[in-house]
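Everything on this sheet refers to the single structure shown next.
The values are calculated or read from the model by the stated rules, or taken from the named source; none is laboratory data. Computed from a predicted structure; not experimentally measured. Neighbour counts are summed over all protein chains in view; Cβ atoms, including those assigned to glycine, are modelled from backbone coordinates with ideal geometry. Each accessible area value is taken on the protein alone, full model and side chains, heavy atoms only, with ligands, DNA and RNA left out. Shrake-Rupley method; radii C 1.70, N 1.55, O 1.52, S 1.80 Å.
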Amino acid sequence: LLALHDLREQIETRPEFMVELLAVEGAGPNLESEIREVFPYHLPSSSFDMDLDAVQHSIVALAPVIDASVRVRQGGVLVVQVQERQPAAYWRTRDALFVIDETGVVISTAHSSDMAPLPVLAGAGVDHAVQEALDLYGAVTPLNDELRGLIRMGERRWDVVLTNNRRIMLPEKNPVQALERVIALHEAHDMLERDLVTVDMRLSERPTLRMNESAVQEWWRVINL
């Protein structure tokens, strides 16, 4: 038995069966670092001692990973090929600011030192409506200089938040078309340059504008002259 064990060890540790290097492909620096941290083996190691399926499952379990493959390449290189999730937006919650992909999966916590120019979303249920939010961001381009973010209201519709706490309240159905209508009115009449608090588009057939208190007082002063 001892001789058989020695023979097996001699075979398994032959150079052609040894893994000397871990190569990570398709991952950014942060994800590569995470993958190397969860990799359970010290190299060099015999490929006979490695459970590649377990390695693959541990990598796919990482939040930024959509899928991964693991294989031993000639020359003693263990290659991890990764399909990485791409940041699509920030999701602001009460506890933190997260980076999410277009499907709403949380990739990581956002850090002020590496903030990218991504849409900012807030509210419960954001993760189930990211694509709709991205469509709204595409439509609101003419207001980019004034845009602060989108808030998910009641997990069913969006408010567009502008500078000076102005809001465009969008309907549950066809929000992009409602937002495009507001932008068209603004471009024609400078509507959003007025002393507005909200533009309520929840009833698309009857848009409602609400002015701030000083503007209302000025209005009553003018009509009472």
Legend entry - Fully extended contour minus Cα-Cα distance, from A184 to N165, at 0.36 nm per residue: 4.8 nm
Legend entry - For the chain: accessible area per residue (Å², 1.4 Å): 62 Å²
Inset, instruction - Between M191 and R148, take the C-beta separation as r, use R0 = 22 Å, and let me know the FRET efficiency to the nearest 0.05. - result: 0.75
Inset, instruction - Report Rg/Rh for the chain, rounded to two decimals, where Rg is the Cα radius of gyration and Rh the Kirkwood radius. - result: 1.27
Legend entry - Full-extension gain in nm, A61 to S204, via 0.36 nm per residue minus C-alpha separation: 47.1 nm
Inset, instruction - Return the distance in nm (one decimal) between the two label points of a simple spin-label model at E25 and V176, each offset 7 Å from Cα along Cα→Cβ. - result: 3.6 nm
Inset, instruction - Could you state how much accessible area M211 has, in square angstrom rounded to the nearest 10, with a 1.4 Å probe and all protein chains kept in place? - result: 80 Å²
Inset, instruction - Determine the gain in length on full extension of the stretch R71-A116; use 0.36 nm per residue of separation and subtract their C-alpha separation, reporting nm with one decimal. - result: 12.8 nm
Inset, instruction - Report the calculated FRET efficiency for A124 and S46 (r = Cβ-Cβ distance, R0 = 35 Å), to the nearest 0.05. - result: 0.10
Legend entry - Percent accessible area from carbon and sulfur atoms, the chain, protein chains only, probe 1.4 Å: 51 percent
Inset, instruction - State the percent of C-alpha pairs, over all pairs in the stretch 40-172, separated by a distance greater than 20 angstrom. - result: 56 percent
Legend entry - Estimated distance in nm for a label pair at S108 and R36, the labels positioned 7 Å out from Cα along Cα-to-Cβ: 1.4 nm
